[in-house]
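J.: The structure that follows is given in the form of structure tokens.
The values are calculated or read from the model by the stated rules, or taken from the named source; none is laboratory data. From a predicted model like this one, the values you see are computed outputs, not experimental measurements. Neighbour counts are summed over all protein chains in view; Cβ atoms, including those assigned to glycine, are modelled from backbone coordinates with ideal geometry. The area values use the complete protein model at the heavy-atom level, side chains included, leaving out ligands, DNA and RNA. Shrake-Rupley method; radii C 1.70, N 1.55, O 1.52, S 1.80 Å.
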Amino acid sequence: MKNNARNLPSIDKIINSPEIKNISNLYQRDLIRNICREVIDEERKKALEGLQILDTSEIIMEIINRLSETDKLSLQPIINATGVLIHTNVGRSPLSKDAATAMFEISSHYNSLEFDLETGERGHRDYHIEKILKKLIGVEASTVVCNNAASMILILSSLGYGKEVIISRGELIEIGGGFRIPDIMKLSGATLIEVGTTNKTYINDYESQINEKTALILCLHQSNFKIIGFTHSPSFEDLVKLGGKYNIPVIYDLGSGALFDPKTFGITDEPYVQDLIKKGFDIVCFSGDKLIGGPQCGIIIGKEKLIKIIRKHPFARALRVDKSILAGLEVTLRHYLKGEHFQKIPVLQMINTSQNDIEKRVILWQKLLNKDGIITEVIDTFSTIGGGTTPSQKLPSKGLSLDPKQDIFMNNFDCHLITKKLRNFKVPVITRIEQEKVIFDARTVFPDEDEILLSAIKSLKD
Ligand SMILES: *Cc1c(COP(=O)(O)O)cnc(C)c1O
């Protein structure tokens with residue numbers, strides 16, 4: 001065994017080998033040396049454990065492989081055939097081409113981020129977005145932070161610190177990733193006053209808890225679950241009226257924050273931004289990268305006197321967004337202003353695509369795969385919006401169902417092998433498994449990805 005370890009080549013010998021010398025101009029010297037050391041150390045360890053080790057030429061091959069791995073980007077585009085429109089794991093909403101271009105342009109140049117071009121003096125980065133939101137929603141003021149969880153932290157810290165915040169028990173939710181409303185409340189220095197019960201909360205429950213220490217009434221959209229059956233919560237109108245009566249701001253954390261009426265698509269129970277502002281909420285906050293279809297951020301809108309307080313809090317500085325986010329958000333919001341959001345913003349295009357149009361594409365997929373001897377079935381399926389939106393609502397869709405048990409795959413494939421192979425394709429493809437079949441929902445596949453998707457499926461035969 002010792003002999004075995006002693007037979008390992010030295011780092012210098014490897015570095016001076018013709019194969020490594022050949023590629024030495026492609027990589028940093030230190031990187032080559034570190035990877036050589038890493039591989040030789042691993043082999044030495046194996047030798048000491050009495051395991052089979054690689055010979056010198058195999059070691060060189062392994063080093064070359066690992067060097068080329070370092071060229072591969074870790075964050076890469078994928079094809080989403082799951083039918084879930086907004087999912088955090090795959091980057092939530094893809095941006096419109098115009099928004100992505102603006103992010104590139106602005107971030108690769110100096111820009112007017114905090115520079116007032118009229119006066120030549122210092123400006124505020126909130127200005128660019130506020131200008132559009134005033135036109136779009138008729139709201140007094142706005143600010144943008146790095147995500148909507150940050151919106152909550154900032155609102156509660158700036159308006160609730162040292163005071164009481166009233167919230168319904170039915171809305172004490174965990175947003176995801178362990179981010180729980182009661183914890184944020186504690187962090188913000190606000191005292192949580194829970195009212196009502198999990199399923200029923202009345203306006204009197206809120207009113208009975210109001211005193212001189214009350215800072216806010218907080219409402220949260222129950223975006224990732226739904227309580228059905230024996231339930232009650234006060235109307236928006238009653239909540240706003242109650243806040244007005246005692247001069248207490250009423251806040252709504254909307255989560256997904258549609259800027260259009262979701263009822264148009266049969267999505268009920270999803271309040272939307274314009275409606276909440278019209279109904280009189282003092283502050284509304286929502287994510288930029290859920291149903292808005294923009295970059296990751298948290299958008300806080302509402303009464304100017306409150307936004308001014310929020311903006312002055314030190315956390316506002318800590319949670320602010322960078323130029324590229326604001327560039328992407330500005331262009332995204334302009335799509336709404338121009339009334340072209342359903343044409344330009346990918347998630348809205350996807351929502352707006354009819355089952356008929358989806359079916360046409362899926363039938364074409366089926367035909368083209370059939371030519372290659374791959375048998376599939378066109379099925380009825382459901383897409384989900386996801387992203388903490390409308391937990392119980394689904395969009396009727398069409399998909400392609402692939403049975404792993406077929407002659408062309410020698411009858412020795414299963415769903416997990418197929419999904420693994422698809423994930424490892426040069427452009428990774430992700431899918432759904434249902435009843436021992438692999439399902440491809442066309443709604444979330446961009447039409448210009450069809451060709452790659454089909455070559456991924458065809459490559460299963462290789
Ligand atoms: C998604 C969501 C959040 C968190 O927003 P992020 O942008 O993911 O930080 C907060 N509140 C509600 C109700 C949500 O649905």
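J.: How far is it, in nm, from the label point at Arg66 to the one at Phe230 when both lie 7 Å from their Cα along the line to the Cβ?
T.: 6.4 nm
J.: Let me ask another. Using unit Cβ charges (K, R positive; D, E negative) and no other charged atoms, how large, in debye to the nearest 20, is the dipole of the chain about its Cα centre?
T.: In debye, rounded to 20, the chain gives about 460.
J.: A follow-up question, please. Remind me, relative contact order of the chain in percent, using alpha carbon pairs under 8 angstrom and six or more residues apart? Please report the intermediate quantities before stating the final value.
T.: Details: 793 pairs, mean separation 87.0, N = 462.
Reported relative contact order: 19 percent.
J.: Amide H to amide H under 5 Å from Gly387: which residues, 5+ apart in sequence or cross-chain, H placed 1.01 Å off N in plane?
T.: Here the answer is Ile86, Thr88, since their amide H atoms fall under 5 Å of that of Gly387.
J.: Which of the peptides 336-347, 250-261 is most tightly packed, and how do the rest follow, going by the mean number of other Cβ atoms within 10 Å of each residue?
T.: So the order, starting with the most tightly packed, is 250-261, 336-347.
J.: Still on this structure: With +1 on each Lys and Arg Cβ and -1 on each Asp and Glu Cβ, how big is the dipole of region 233-324 about its Cα centre, in debye rounded to the nearest 20?
T.: Roughly 600 debye, rounded to the nearest 20.
J.: Check cross-link reach from Lys360 to the aspartates and glutamates: straight Cα distance under 14 Å, and skip same-chain residues fewer than eight apart.
T.: Correct list for Lys360: Glu377, Asp380, Asp441, Asp450.
J.: Still on this model: When we measure straight from the Cα of Lys200, which aspartates and glutamates land under 12 angstrom away, once same-chain ones fewer than 8 places off are left out?
T.: Cross-link targets: Glu171.
J.: Using helices alone, I'd like the mean residue ellipticity at 222 nm for the chain: each DSSP H run of four-plus residues gives -39500 (n - 2.57), total over residue count, nearest 500.
T.: -12000 deg cm²/dmol
J.: Here is a further query. How would you classify region 323-430 from its alpha-carbon gyration tensor, with a ≥ b ≥ c the square roots of the eigenvalues: rounded for a/c under 1.5, else prolate if a/b is greater than b/c, otherwise oblate?
T.: Verdict is prolate for region 323-430.
J.: Given the pairs Lys263/Lys338; Lys163/Lys263; Lys135/Lys163; Lys13/Lys421, which span a C-alpha to C-alpha distance of over 27 angstrom in this model?
T.: Pairs exceeding 27 Å: Lys163/Lys263; Lys135/Lys163; Lys13/Lys421.
J.: So if R0 is 41 Å, what FRET efficiency would Arg169 and Arg317 give, r being the distance between their Cβ atoms, rounded to the nearest 0.05?
T.: Working: r = 34 Å, r/R0 = 0.83.
Approximately 0.75, to the nearest 0.05.
J.: Under a crude label model (7 Å from the Cα following the beta-carbon direction), how far is Ser74 from Asp269 in nanometres?
T.: Label-label distance for Ser74 and Asp269, simple model: 3.8 nm.
J.: Follow-up. Per-residue HN-Hα couplings for region 442-457, Karplus 6.51 cos²θ - 1.76 cosθ + 1.60 at θ = phi - 60°, whole Hz, x for Gly and Pro?
T.: 6, 4, 8, 9, 5, x, 6, 9, 3, 4, 5, 4, 5, 5, 5, 5
J.: Could you pull out the pairs from Lys21/Lys72; Lys305/Lys344; Lys241/Lys290; Lys371/Lys437; Lys398/Lys420 whose alpha carbons sit more than 26 Å apart here?
T.: Cα-Cα > 26 Å for Lys305/Lys344; Lys241/Lys290; rest within.
J.: Here's another thing I want to ask about it. Quick one: Cα centre-to-centre distance for region 368-423 and region 256-282, in angstrom?
T.: Their Cα centres are 33 Å away from one another.
J.: 5 Å is the cut-off here: which amide hydrogens, built 1.01 Å from N in the peptide plane, fall below it relative to Ala141, excluding neighbours closer than 5 in sequence?
T.: Residues meeting the amide H criterion: Gly302, Glu304.
J.: Could I ask something else about it? Once you order the gyration tensor axes a ≥ b ≥ c over the Cα atoms, which shape class does the chain get: rounded for a/c under 1.5, otherwise prolate or oblate by comparing a/b with b/c?
T.: The shape class here is prolate.
J.: Another question about this same structure. Each residue of region 214-220 in order: what ³J(HN,Hα) in whole Hz does its phi give by Karplus 6.51 cos²θ - 1.76 cosθ + 1.60, θ = phi - 60°, with x for Gly and Pro?
T.: Going residue by residue, I get 5, 9, 8, 10, 10, 10, 10 Hz, with x marking Gly and Pro.
J.: A further question follows. Order these peptides, 126-134, 437-445, by their mean beta-carbon neighbour count within 10 angstrom, highest first.
T.: Ranked by mean Cβ neighbours within 10 Å, highest first: 437-445, 126-134.
J.: Say the dipole of the chain comes from +1 at the beta carbon of Lys and Arg and -1 at that of Asp and Glu; which of Val144, Ala47, Ser235 then lies farthest toward its positive end?
T.: It is Val144, whose Cα lies furthest towards the positive end.
J.: From the protein chains alone at 1.4 Å, what is the descending order of accessible area for Arg29, Arg432, largest first?
T.: Arg29, Arg432
J.: Now for a separate question. If amide H atoms are built 1.01 Å from N in the plane of the peptide, which residues on other chains or at least 5 residues away come under 5 Å of the amide H of Ser168?
T.: For Ser168, whose amide H was placed from the backbone, the distant partners under 5 Å are Val195.
J.: Follow-up. Excluding residues on the same chain fewer than 8 positions from Lys405, give the aspartates and glutamates whose Cα lies under 12 Å from its Cα.
T.: Within the straight-line cut-off, Lys405 pairs with Asp414, Glu436.
J.: Place a label point 7 angstrom from the Cα of Thr88 along the Cα-to-Cβ direction, then list the residues of region 113-156 whose backbone nitrogen is under 11 Å away.
T.: Answer for region 113-156: 148-149.
J.: Which ³J(HN,Hα) values, rounded to whole Hz and listed in residue order, are derived for region 129-146 from phi using the Karplus coefficients 6.51, -1.76 and 1.60 in 6.51 cos²θ - 1.76 cosθ + 1.60 with θ = phi - 60°, glycine and proline given as x?
T.: Along region 129-146, the couplings run 8, 4, 3, 6, 5, 4, 5, 6, 10, x, 8, 6, 8, 7, 8, 10, 10, 6 Hz.
J.: Of all the C-alpha pairs in region 128-248, what % are more than 17 Å from each other?
T.: Details: 4487 of 7260 pairs.
Tail of P(r) above 17 Å: 62 percent of Cα pairs.
J.: Could you calculate the FRET efficiency of Lys241 with Ser112 from 1/(1 + (r/R0)^6), where r is the beta carbon distance between them and R0 is 56 Å, rounded to 0.05?
T.: Working: r = 42 Å, r/R0 = 0.75.
The pair Lys241/Ser112 has a calculated efficiency of 0.85.
J.: Could I ask something else about it? Please work out how much length the chain gains when fully extended from Leu417 to Phe179, using 0.36 nm per residue of separation minus the C-alpha to C-alpha distance, in nm with one decimal. Show your work: numbers first, answer last.
T.: Numbers: separation 238, 0.36 × 238 = 85.68 nm, distance 3.43 nm.
Result for the pair: 82.2 nm of gain on full extension.
J.: Any idea how far apart Glu121 and Glu434 come out in nm if each label point goes 7 Å out from Cα toward Cβ?
T.: Between Glu121 and Glu434, the simple spin-label model gives 6.1 nm.
J.: Here's another thing I want to ask about it. Once the other residues with Cβ under 14 Å from the Cβ of Phe409 are scored (Lys, Arg +1; Asp, Glu -1), what is the net sum?
T.: Surrounding charge for Phe409 is 0.
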